[in-house]
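Comments concern the structure below.
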Amino acid sequence: MAEDRSTVRSRQLGDALRAAMDQAGLNGKRTARILDWSESRISRFLTGKLSVTELEISAMAALFGVTGAERDRLLRLTRESATASWELPEHWRTLIDHQSAAVRVIGFDAVTVPVLVQTADYARSVLARMVTVQPDTVEVHVSGRMTCCQRVLGASHPPQCTLFVHELALRLPVGSPQIMCEQLHHLLRMGARSYISVRVIPAAAGAHAGLAGSFCLMEFAEFGPVVSVEQETAGYFLDEPPAVSAYEKTCTSLGAVALGQNESNQLIGRLAVDLYGPTRRDMAALSANLVSAQERLTETAVIVG
């Protein structure tokens, strides 16, 4: 058993062990005494700073009363510690855990509205078209996605989020015109929050640094940055410095071609009007959203100044 740097899988495993230990009414000191291990060893297991064997996991699972599917999950995380890919349910669960712990999140979405700022109806329309999602599970996925997004953005100390989205993703009809109109309004409402910045990559910019696909870069106070990349049937977490550096450069490049926050709001507002012909009530809501977003930008400018 060797001491390692903290990794995505080791932290996920450590978090699960800590939750099980708390549920069992134990602490690190008592756990160490019962298992005849040192307290520092237990601490490093729980923080993901020490690799753990299946035998050690089995011993802790037995002590904490972890059985069935959760025990199998812990053993799988241990066995797959050197594997890059994650099955999508586990990848999504781990992504939310890391986004919740992050101090900064930078995301880029090429073909859809960023997941963190999707409405339930928009998400439902997207998920209904995914061949990897069974029709009878769509509502479960939608509910889970909304709960997870609220956990990240509704936290008492949410991460500072910069979400890049391509103009063509905003123009792509997903669901009914009413669903798209509400989604665009929702982007303006979310962008009015002081910790969320939605920036549009204009189609006129042409080729850009994000052509390789969507990703999410997360920065943390206690460990190095992590990049999440999701494909059709699996997700990947990248934390090796060369890979992270490449995505950091991509973010810098996207920031250079993206519209500013105010310009992005104006474009989103125009699309809502031009593409979906809002009613008088919609126009009033749209105007209020733009004013709210503009007020946030003005407040931010004053603070920075």
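The values are calculated or read from the model by the stated rules, or taken from the named source; none is laboratory data. This is a predicted model, so every value here is computed, not measured. Cβ coordinates were reconstructed from backbone atoms using ideal geometry, including for glycine residues, and neighbour counts include every protein chain displayed. SASA here: full protein model, heavy atoms, side chains in, ligands and nucleic acids out. Shrake-Rupley method; radii C 1.70, N 1.55, O 1.52, S 1.80 Å.
Before moving on, here are some points about what is shown:
- Residue pairs whose Cβ atoms lie under 8 Å apart, separated by 6 or more positions or on different chains, with the first residue in the stretch 215-232 and closer than 17 Å to residue 160 by Cβ and open to solvent by 20 Å² or more (accessible area, probe 1.4 Å) and the second modelled with pLDDT of 90 or more and assigned to a loop (DSSP other than H, G, I, E, B), are 219/102; 219/103; 219/225; 220/102; 220/103; 221/103.
- Test: residue in the stretch 56-73 that is within 30 Å of residue 249 (Cα to Cα) and surrounded by 15 or more Cβ atoms within 10 Å (Cβ to Cβ): no
- Strands (runs of 3 or more DSSP E) wholly inside the stretch 169-287 containing at least 1 residues that are touching a Cys at 6+ places or on another chain (Cβ under 8 Å): 196-201, 215-219, 226-230
- Residue, farthest from residue 197 (Cα to Cα), within the stretch 116-154, restricted to residues that are open to solvent by 40 Å² or more (accessible area, probe 1.4 Å) and part of a loop (DSSP other than H, G, I, E, B): 134
- Residue under evaluation residue 104, criteria (1) under 21 Å from residue 209 (Cβ atoms); (2) open to solvent by 20 Å² or more (accessible area, probe 1.4 Å); (3) out of contact with any Cys (no Cβ under 8 Å at 6 or more places or on another chain), criterion not met: (3)
- A residue that is open to solvent by 20 Å² or more (accessible area, probe 1.4 Å) and in contact with a Leu (Cβ under 9 Å, 6 or more places away or on another chain) occurs somewhere in the stretch 15-22.
- Residue 272 satisfies every condition listed in (1) without any contact (Cβ under 8 Å) to a residue 60 or more places away in the chain; (2) out of contact with any strand residue (DSSP E or B) (no Cβ under 9 Å at 6 or more places or on another chain) except (1).
- Residue ID - least open to solvent (accessible area, probe 1.4 Å), chosen from residues in the stretch 33-55 that are closer than 14 Å to residue 16 by Cβ and in contact (Cβ under 8 Å) with a residue 40 or more places away in the chain: 48
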